[in-house]
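Below: the structure, in structure tokens.
The values are calculated or read from the model by the stated rules, or taken from the named source; none is laboratory data. These numbers were taken from a predicted model, which means no experiment stands behind them. So basically every Cβ, Gly included, is an ideal-geometry build from the backbone, and we count neighbours across all protein chains shown. To get the accessible areas, we keep the full protein, side chains included, count just its heavy atoms, and leave off ligands, DNA and RNA. Shrake-Rupley method; radii C 1.70, N 1.55, O 1.52, S 1.80 Å.
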Amino acid sequence: MARILMVVTGADSITLTDGTPHPTGFWAEELVELHRGLVAAGHEVDVATPGGVGPTVDPGSLSDASADELRSYLASMGDVLTSPRTLGDVANGEYDAIALPGGHGPMVDLATDADLGRLLVDAADRGSVVGVLCHGPAGLLSAVRENGSFAFAGRRLAVFTDEEEQQGGLAGGSPYLVESRLRELGAVVESGEPWSVTVVTDGTLVSGQNPPSSVATASRLVEVLAAR
């Protein structure tokens, strides 16, 4: 059994390019399927947020037929989700893996969080497992070493694409595009067709492109952990 830290955004809104706030948070399906898959495989999953704030679910992720089931699962997580650990209290190497679900929230806080950056740089240097999904890779933007180098430069990954952002995300209102920002830092983005189930594995880095990739990303994470 591995100990996994799921780092969840504490943001509940994102400021669009016109200056207006847009409600956001974590994407329910992504957090639920990552958590469900890892726990079903026998792993222990803790949740942490910046400042230990209770995370907000993105209202847009609870708008279809699966909303009731997702709400039920989130409620079943209890204090693990509603009273998360404070990210700054987590020590390097304390967990075997780090998982980052998406929603636009990570673009707001996790992308620049120094404590997440510290944990991710340590994980990259030690070869620990890191799993990211959809907009969760925005959290990787925080992983900059003291010398200014990006800890995941040259690594292959999937991320919610610029095309998907235009089609079904914030479109022109997004303050930045996560795929473009990661490419600028030297990540090697490998994209599938928009809204396809796409998972990329590069050693101990597992990444899923979008919400439809949630279950497959969790399954791949389980496989990578089992091989450790």
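Just a few scattered comments:
- Surface per residue (accessible, 1.4 Å probe) for the range 89-228, Å²: 37 Å²
- Net charge dipole size for the range 45-125 [Lys, Arg +1 and Asp, Glu -1 on Cβ; Debye, nearest 20]: 140 debye
- Ranking by accessible area, most exposed first, for Val80, Val197, Val45 with a 1.4 Å probe: Val197, Val80, Val45
- Each peptide in 28-34, 131-137, 186-192 gets a packing score, the mean of other Cβ atoms within 10 Å over its residues, and the list from highest to lowest is 131-137, 28-34, 186-192.
- Here the accessible area of the chain is 50 percent carbon and sulfur, with a 1.4 angstrom probe and all protein chains present.
- Difference of contour (0.36 nm per residue) and Cα-Cα distance, Ser149 to Glu44: 34.6 nm
- Global geometry of the chain, whether rounded, prolate or oblate, following the gyration tensor of its Cα atoms and the 1.5 cut on a/c: rounded
- Computed E for Thr112/Ser63 - FRET, C-beta separation, R0 22 angstrom, nearest 0.05: 0.15
- Contact order relative to length of the chain, as percent, for alpha carbon pairs under 8 angstrom and 6 or more apart: 21 percent
- Full extension of the chain segment joining Ser180 with Ser219 gains 11.4 nm, where the gain is 0.36 nm per residue of separation less the Cα-Cα distance.
- Using C-alpha pairs under 8 Å with a sequence gap of at least 6, the mean separation divided by the residue count of the range 1-95 gives a relative contact order of 35 percent.
- Available extension along the chain between Ala91 and Glu163 is 22.2 nm, counting 0.36 nm per residue and deducting the alpha carbon span.
- Placing unit charges on each Cβ (+1 for Lys and Arg, -1 for Asp and Glu) gives the range 144-228 a dipole about its Cα centre, and among Gly169, Ser180, Val222 the Cα reaching farthest toward its positive end belongs to Val222.
- A Cβ-based charge dipole, computed about the Cα centre of the chain with Lys and Arg at +1 and Asp and Glu at -1, lands at about 540 debye.
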